[in-house]
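> What follows is a structure written as structure tokens; I'll ask about it next.
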Amino acid sequence: DAGPLHHLQCSVLGVNLQDAEDAALEVVERTGVTYDLARDPDGALFTAFGGFGMPTTALVDAGGAVVVRHTGALTRAELDALVRDHLLEG
């Protein structure tokens, strides 16, 4: 749910790495995600963002530069803080 970030004027894009489309849709149905989703079937986007573990969170500024990369789960509060620290005050 991207709701907590809405007030920060950020967009959220979930990227499904290497799963078949039907498997990805099953995860969407099971978890009820409401943010935009894309597929990365060959892992090219994951590699381009410097990912090396799952999940990986990359914050991208308005100019398209990756300003922070985090591997591992994040709570909503942790993600909120990363956005504030690296995108809003940068």
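> Using just the Cα positions, wrap the stretch 3-88 in a convex hull and report its mean projected area in square nanometres, one decimal place.
5.7
> Can I ask one more? I need the phi-derived Karplus couplings for the stretch 64-81: 6.51 cos²θ - 1.76 cosθ + 1.60, θ = phi - 60°, integer Hz, Gly and Pro marked x.
Taking θ as phi minus 60°, the curve returns x, 8, 6, 9, 7, 10, 10, 9, x, 5, 10, 7, 4, 5, 5, 5, 4, 5 Hz for the stretch 64-81.
> When the helices in the chain are scored as -39500 (n - 2.57) per DSSP H run of 4 or longer and the sum is shared across all residues, what 222 nm value do you end up with, to the nearest 500 deg cm²/dmol?
Rounded to the nearest 500, the figure is -8000 deg cm²/dmol.
> Once you put a point 7 Å from the Cα of Leu13 and another 7 Å from the Cα of Ala77, both along the Cβ direction, what distance in nm separates them?
3.0
> Whole-Hz Karplus ³J(HN,Hα) for the stretch 41-48, in order, using 6.51 cos²θ - 1.76 cosθ + 1.60 and θ = phi - 60°, x for Gly and Pro?
x, 9, x, 5, 5, 4, 5, 4
> On to the next question. Asn16's amide H: which non-local residues (gap 5+, or another chain) put their own amide H closer than 5 Å, with H modeled 1.01 Å from N in plane and none for Pro or chain starts?
Answer set, sorted by chain and number: Ala38, Arg39, Asp40.
> What net charge is computed for the residues neighbouring Ala58, neighbours being all others with C-beta under 14 Å from the C-beta of Ala58, Lys and Arg scored +1, Asp and Glu -1?
-1
> Pop out the ³J(HN,Hα) list for the stretch 33-39 in order, Karplus 6.51 cos²θ - 1.76 cosθ + 1.60 with θ = phi - 60°, rounded to Hz; leave Gly and Pro as x.
These are the phi-based 3J(HN,Hα) values: 4, 10, 8, 5, 10, 9, 10 Hz.
> Pairing the Cα long axis of helix 21-31 with the longest principal axis of the chain, what angle in degrees results, from 0 to 90 and rounded to the nearest 10?
Value to nearest ten degrees: 60.
> For the stretch 3-88, calculate the relative contact order in percent as a whole number, restricting contacts to Cα pairs under 8 Å that are 6 or more residues apart.
26
> List every residue whose amide H lies under 5 Å from the amide H of Val60, counting only residues 5 or more places away in sequence or on a different chain, with H placed 1.01 Å from N in the peptide plane.
Val67
> Same structure, new question: What ranking of Asp36, Asp80 emerges when the number of other C-beta atoms within 10 Å of each C-beta is taken as an exposure proxy, fewest first?
Asp36, Asp80
> Follow-up question, since we're still on this one. How charged is the neighbourhood of Glu29? Take every other residue with its Cβ under 14 Å from the Cβ of Glu29, and add Lys/Arg as +1 and Asp/Glu as -1.
Neighbourhood net charge equals -3.
Only the coordinates and a few stated rules stand behind these numbers; no lab work does. Everything numeric in this text was worked out from a predicted model, so none of it was measured. Methodologically, a virtual Cβ is constructed for each residue, glycine included, from the backbone with ideal geometry; neighbour enumeration extends over all protein chains shown.
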